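These notes are about the structure you will find just below.
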Amino acid sequence: MSDWIEKPIKGVLLDITGVLYESGEGLGTVIPGSVEAIARLKECGVPVRLVTNETCATREAVVDKLQHHGYNVTVEQIFSPVPAVLSVLKERKLIPHLLVHPAVENEFKSLLSSRENRGTPTCVVMGDADEGFSFVNMNDAFLALMAMDKPVLFSLGKGKYYKHKGQLQLDVGSFAAALEFACDIQAEVVGKPSPQFFGAALADMGITADQAVMVGDDIVSDVGGAQKCGIRGVLVRTGKYTPKCENHPTVKPNFIADNLANAVDLIVSCLKQI
């Protein structure tokens, strides 16, 4: 049996898009076997947390979509960048200039409502703005950063690309890199592959990194990010996976599964032998 499965597994972290369902028109398409796979983990007493860089929808909207596809999940099981960055902004008393998807703008309402009394923006927050990544909006974010004495840029995840409606398209990390270059700064990543982001999900399950497995379709953010935290990383051949991911120059998955169901089959078989 593979080395990755020999140590006890007491919790599983899962990406959502590309692992549980494929992005597409409307609510997308469920990936065969994934609903049953999560149910099997729960039947075996293995806690599951959904660790996603989704910033085009609120956690509530994501739960609605997952439940539509037959998944039995709650908002509390989902770890996404928007709630995480809101906590950081409140703790550091920062006022954000937003470059995010319209669907999540309202999440920042409490921080923006009193801007007139608190001054101009003291940071820029970038999420997956989709078509909002226009020259005008990117330049506005650039100007906001250049006007700050100590510019602060938050990138909600740092993926290079993702799969949407059957095609690859640029992710927030590519646009964050442009602002990093232009302003000579380093973005603070809130979301995968940030160690703090993975750590929050582990803490919620009450387990350590070496007791967990991360399953995702992103070789760098999912697999590589998890491995840097001491979490085993499993790559699935669904979502944005391409064959060249299997020969990545720096990230070597602990296992490559055809899909989530395949990975869970191995996990469950290992649990039964303990």
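The values are calculated or read from the model by the stated rules, or taken from the named source; none is laboratory data. Everything quoted here is computed from the prediction, not taken from an experiment. All Cβ positions, even for glycine, are placed from backbone atoms using ideal geometry, and neighbour counts span all protein chains on display. All accessible areas refer to the heavy atoms of the entire protein, side chains included, with ligands and DNA or RNA removed. Shrake-Rupley method; radii C 1.70, N 1.55, O 1.52, S 1.80 Å.
See the values below:
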{"item": "Test: residue in segment 69-80 that is in contact with a Cys (Cβ under 9 Å, 6 or more places away or on another chain) and not hydroxyl-bearing (Ser, Thr, Tyr)", "result": "no"}
{"item": "Residue under evaluation Asp171, criteria (1) of a type in the set (D, E, K, R); (2) under 23 Å from Phe108 (Cα atoms); (3) modelled with pLDDT of 95 or more, criterion not met", "result": "(3)"}
{"item": "Per-region count, segment 140-172, residues of a type in the set (S, T, N, Q) and surrounded by 12 or more Cβ atoms within 10 Å (Cβ to Cβ)", "result": "2"}
{"item": "Failed condition for Asp184, given (1) in contact (Cβ under 8 Å) with a residue 40 or more places away in the chain; (2) of a type outside the set (Val, Ile, Thr); (3) open to solvent by 50 Å² or more (accessible area, probe 1.4 Å)", "result": "(1)"}
{"item": "All positions within segment 36-55 that are in a loop (DSSP other than H, G, I, E, B) and over 18 Å from Asp217 (Cα atoms)", "result": "Cys44, Gly45, Val46, Pro47"}
{"item": "Hey, Pro32 of a type outside the set (Val, Ile, Thr) and in a loop (DSSP other than H, G, I, E, B) or not", "result": "yes"}
{"item": "Subset of segment 210-223 (residues that are part of a helix (DSSP H, G or I) and open to solvent by less than 10 Å² (accessible area, probe 1.4 Å))", "result": "Ser221, Asp222, Val223"}
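For (1) within 18 Å of the chain's Cα centre (by Cα); (2) among the β-branched types (Val, Ile, Thr); (3) open to solvent by less than 70 Å² (accessible area, probe 1.4 Å), each residue gets a yes or a no:
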residue: Leu14; (1), (2), (3): yes, no, yes
residue: Gly28; (1), (2), (3): yes, no, yes
residue: Asn72; (1), (2), (3): no, no, no
residue: Ser80; (1), (2), (3): yes, no, yes
residue: Leu98; (1), (2), (3): no, no, yes
